[in-house]
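Some notes on the structure that comes next.
Since every read-out is calculated from the coordinates, none of them should be taken as a lab result. Here the structure is a predicted model, which is why all the values come from computation and not from measurement.
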C-alpha cells in the first residue's frame, strides 16, 4: 500500500496532462464561465511551463529521468509518472492533429463539439486516475496501462 505522500505525488502528476488538455475548452470556458473552476488545479503547472523557457520539455525530462527511470522510487510513483507522461504525449499529438486538420474550419459547431467532447473525455480519464491514486491503486487505462507496464 503506497504511503500518503506517494498518493499525493501520484495525484499531482496527473495535473500535467490536465494543464495541456485545458486548451480544448477555451470556447466552453467563454460560454459557461462557471466551468473555469476546473482550471484552478492546473494553474501551478501552467505557471511553471510559461515562466521557464522550454518549461514543458524540462518538466517532462525531470519526471522521466527523476521518477520513471529511478529504480529507488516506488513502483506506484513510477507507474503513475509514466502513465501521466503517456497521456500527456497523447494530448500533444491530438493537439497537433487538431491544429493541422481542423484549424482551417475556424470556430464551427463541429469543431466546438469535438473540442468539448475531447475536454470532457480527458477530464473523465484524469478524474479516474486521480481517484485510483487516492485509493492507492494503479489506474487501469486500456492500452496506456499496458504500455506503461511494458516500459517499467
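Listed values, structure above:
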{"item": "Among 122, 101, 22, residue whose mean-square fluctuation peaks in a GNM of the chain (springs only between Cα atoms under 10 Å)", "result": "101"}
{"item": "Helix axis angle, 4-13 relative to the chain longest principal axis, alpha carbon, degrees", "result": "30"}
{"item": "Long-range Cα-Cα pairs in the chain (distance over 25 Å), rounded percent", "result": "31"}
{"item": "When the convex hull of its Cα atoms is projected in every direction, mean area for the stretch 1-54 (nm²)", "result": "5.0"}
{"item": "The stretch 4-151: relative contact order in percent, alpha carbon pairs under 8 Å with at least 6 residues between", "result": "38"}
{"item": "Acute angle (nearest 10 degrees) that the helix 75-102 long axis makes with the longest principal axis of the chain, alpha-carbon atoms", "result": "20"}
